[in-house]
Every structure is written in structure tokens, then in C-alpha cells.
Amino acid sequence: DGDGAADACDICEGGDDFTDSDGDLVPDECDGDLFLSAGNNLVSLIADPGDASVSSLFNDADLLGIIGEGNAAVSIGGDWFGSLTDINLSSGYWVQANSDQQVIVKGVPANDITYTLHDANNLLSYPYAASQSLGDALPDAVEDEVFAIVGEGVASLNLGGAWAGSLNGFDGG
């Protein structure tokens, strides 16, 4: 009905219109806002905004730069420079913020994502609104191949199918 309320009436195309945890009238599955602290933040998108260009997503943000796996962008005078031009739903990014801030991201829920992993370290996303434990999120065949998972200030080691460490699960964003 286009009234901006999370009430199952066309707000979150392809997602659950009823759950709005932060009360901003955008259902969780389409609400990919990023809450950044001054300094380094490990982030990923949980909603596809359509235009995922760095300049569009971070237009009004007070950032120094963004580092992806094998690419980066730096903000100089309000313009973005570097090899990182678009944010990918399957990738994770280190975002260096100059101050505490919120980056508003609205879009459609992420579909199932297939990751292509390579030997050694991978910088990946968790693009879903709902949280999951490590064991539930990783398919068994993949879980057996993962040595460790490191997040922002947390990590866990795979000790033969049992996870040990401060990282217990994945949270969107």
C-alpha cells in the first residue's frame, strides 16, 4: 500500500514485511543499514540496493577508505579513487570511518549466494538479516575444509567439527 509501514504491503519485495527490529519502518530483510564506529569496521551488505557503486552507497559517509579482497578505494575531496568501484553481496569489506555514523542501505533481500573459495584467506560476506550459528550456516562438506573464521574482533577455530573461540555465529552486515 506504499505507506512505509512494515505490514506486508509492498515494502520489502521478496522479503518478510512484518519484522522491523529497529522500528525505522523498513522491514529487516530490506534494511541493510551499516552502523560504523570510528576506525576499522568489517562489513557486508544484507540487502541489494540496486546501485552498489561505492560512490552511491557511501556518498554522504565520512570515510577514509574501503578495502576489499584484492581491491580498495579511497575518498579524496568527496570523490572515490581506486580499483574498488562496486560493493558485491558475496564479499566482505574493511571500511575505515573517520567518525561514528550510520550508512543507510535499503534494497531487496539477498538471494542464495554461491561463494568461490580459494586456498588461504577469503574475505566473504554474510548477506542475510537472520543470524546463524557457524555449524548451521556452513554446509558440512564446506565446514570440514574451513580451518578458522575471523571477524571484527572475534575468531573461531575448527577443531574437527567443533568450533572454539569467541565467534559463535554470523550476523548480517
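The values are calculated or read from the model by the stated rules, or taken from the named source; none is laboratory data. These numbers come from a predicted model, not from an experiment. Here the Cβ is made from the backbone with ideal geometry for all residues, glycine too, and neighbour counts use every protein chain on show. To get the accessible areas, we keep the full protein, side chains included, count just its heavy atoms, and leave off ligands, DNA and RNA. Shrake-Rupley method; radii C 1.70, N 1.55, O 1.52, S 1.80 Å.
Worth a mention:
- On a per residue basis, the range 75-173 carries 62 Å² of accessible surface, using protein heavy atoms and a 1.4 Å probe.
- Here the range 110-134 is scanned for amide nitrogen atoms under 14 Å from the site 7 Å beyond the Cα of Ala72 along Cα-to-Cβ, giving none.
- Globularity ratio of the range 63-141, using Cα Rg and 2.2 N^0.38 Å: 1.28
- Projected area, mean over directions - the range 17-173, Cα convex hull, nm²: 9.6 nm²
- Computed from label points 7 Å out along Cα-Cβ, the spacing between Ser131 and Asp144 is 3.0 nm.
- Where chymotrypsin sites (Phe, Trp or Tyr not before Pro) fall in DSSP loop in the range 66-165, at most 12 other Cβ within 10 Å: Tyr115, Phe147
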